[in-house]
Ligand code: SF4
């Protein structure tokens, strides 16, 4: 369920049912203006809605003024330990201040920041990580780490409410995926404020992406979470943005750019799928339309489960086929397959229409039919999956029949069966 309240960070609404916002954090020294701005432009191009920059020193605040002016997306100042940097960041025009009320030097200092933020109309993100819970929660943390995280989050929310500052979103993060899921589920029931989701120090591109997909994906699928940041150990912040988008696209929460689907390959593979898929994925990055592109390693199954794709390719030994929305488009030499695919995608990007030549379509359809016929007896992964699905459906129908029979011959017995 979407959060009841929302904040607006430099024009981007977070919470209250707005699309889940993608954010990342620059990895550069903020005071290095050229490097920081270059990274901000890169992450904005990759689809970041918001960007956060670390502000640990006065020279970072100085740079922040220019960054806020020049950034194509709203900028969040990340503050720890020093509340004067938060005050100065508000003056510098930061679109949002992130701080942990537990490490900023006491409630009075939080109050000072809240007063200034209220006067400037600057929202805040308040939050706590599993590694920095307040001392009075350490015993609870040992007994029940999830409850400790949620309690810390709720206590900070109550502090802000006492300070009459409610323009904030909340994050409670852990390096532990199950704790993060459980804690955010509980927190979303206890507070109406928007939630920022992330897994702390998730790890490398590979493991961090998976952990984030599991943790954040589970919460997002439940409708929990209003903005996400994927934390990866890479200097390339745009990788975090790409992973965030893949999670949102997989859950159909947002659309951005093409979607690539590819068969898992098997012993029937007819071309160097690894290279071809990587090439297609890279080339698709240049497109904005949410076209779905399928890559099938062989034509044994026909177009099959990729028939819903806007475009696709499949190959045999020397020739391949380009198809579009379930129909053959044209047959091309194997080595031209990817280039010809992109010619079709380019045409579509310009005209928003799939153009087909009837004779080429006919030749392609005949080629496909011939390969399907020649391999009609092959038990491919797709055909096995289809057989399994048919078997499961038949079993379910048979069970329905048993239940109906039971119900009609003996209503009491039927009810007993149903209750059991
Ligand atoms: S049979 Fe299916 S999984 Fe195997 S290569 Fe062909 S399309 Fe891919």
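Step by step: first the residues of the stretch 263-281, then only those that are surrounded by fewer than 17 Cβ atoms within 10 Å (Cβ to Cβ) and part of a helix (DSSP H, G or I), then the one that is nearest to the ligand (Cβ to nearest atom). Which residue is that?
274
Could you check residue 228 against (1) within 16 Å of the ligand (Cβ to nearest atom); (2) touching a residue at least 24 places away in the same chain (Cβ under 8 Å) and say which number it fails?
For residue 228, the failing item is (1).
Is it the case that residue 259 is modelled with pLDDT of 90 or more and within 19 Å of residue 329 (Cβ to Cβ)?
yes
Could you please tell me which pairs satisfy a Cβ distance under 7 Å, a separation of 6+ or placement on different chains, a first residue in the stretch 372-383 that is touching a residue at least 12 places away in the same chain (Cβ under 8 Å), and a second residue that is more than 7 Å from the ligand (Cβ to nearest atom) and part of a loop (DSSP other than H, G, I, E, B)?
372/302
Pairs, please: C-beta under 6 Å, at least 6 apart or cross-chain, first residue touching a residue at least 12 places away in the same chain (Cβ under 8 Å) and at positive phi and in the stretch 263-278, second near the ligand (Cβ under 8 Å from one of its atoms) and assigned to a loop (DSSP other than H, G, I, E, B)?
Note: pairs meeting the criteria are 265/297.
Which ones in the stretch 314-334 are assigned to a loop (DSSP other than H, G, I, E, B), within 16 Å of the ligand (Cβ to nearest atom) and under 31 Å from the mean Cα position of the chain (by Cα)?
Within the stretch 314-334, 326 is the sole residue that qualifies.
Please verify whether residue 311 is within 15 Å of the ligand (Cβ to nearest atom), modelled with pLDDT of 90 or more and closer than 22 Å to residue 354 by Cβ, treating the condition exactly as stated.
Against the criterion (within 15 Å of the ligand (Cβ to nearest atom), modelled with pLDDT of 90 or more and closer than 22 Å to residue 354 by Cβ), residue 311 does not qualify.
Just wondering, is there one or more residues in the stretch 282-304 that are assigned to a loop (DSSP other than H, G, I, E, B), within 16 Å of the ligand (Cβ to nearest atom), modelled with pLDDT under 95 and exposed (fewer than 14 other Cβ atoms within 10 Å of the Cβ)?
no
Does the stretch 38-48 contain at least one residue that is farther than 22 Å from residue 286 by Cβ and either in contact with a strand residue (DSSP E or B) (Cβ under 7 Å, 6 or more places away or on another chain) or in contact (Cβ under 8 Å) with a residue 40 or more places away in the chain (or both)?
Taking every residue of the stretch 38-48 in turn, none turns out to be farther than 22 Å from residue 286 by Cβ and either in contact with a strand residue (DSSP E or B) (Cβ under 7 Å, 6 or more places away or on another chain) or in contact (Cβ under 8 Å) with a residue 40 or more places away in the chain (or both).
Can residue 128 be described as surrounded by fewer than 21 Cβ atoms within 10 Å (Cβ to Cβ) and under 21 Å from residue 21 (Cβ atoms)? Before the answer, list the steps.
Details: surrounded by fewer than 21 Cβ atoms within 10 Å (Cβ to Cβ): no; under 21 Å from residue 21 (Cβ atoms): yes.
For residue 128, the condition - surrounded by fewer than 21 Cβ atoms within 10 Å (Cβ to Cβ) and under 21 Å from residue 21 (Cβ atoms) - is not met.
State whether one or more residues within the stretch 172-191 are assigned to a loop (DSSP other than H, G, I, E, B), within 24 Å of residue 19 (Cβ to Cβ) and in contact (Cβ under 8 Å) with a residue 12 or more places away in the chain.
Looking through the stretch 172-191, at least one residue is assigned to a loop (DSSP other than H, G, I, E, B), within 24 Å of residue 19 (Cβ to Cβ) and in contact (Cβ under 8 Å) with a residue 12 or more places away in the chain.
The values are calculated or read from the model by the stated rules, or taken from the named source; none is laboratory data. If you're wondering where the values come from, they're calculated on a predicted model, not measured in any experiment. Glycine gets a Cβ as well: all are built from the backbone with ideal geometry, and neighbour counts include every protein chain shown.
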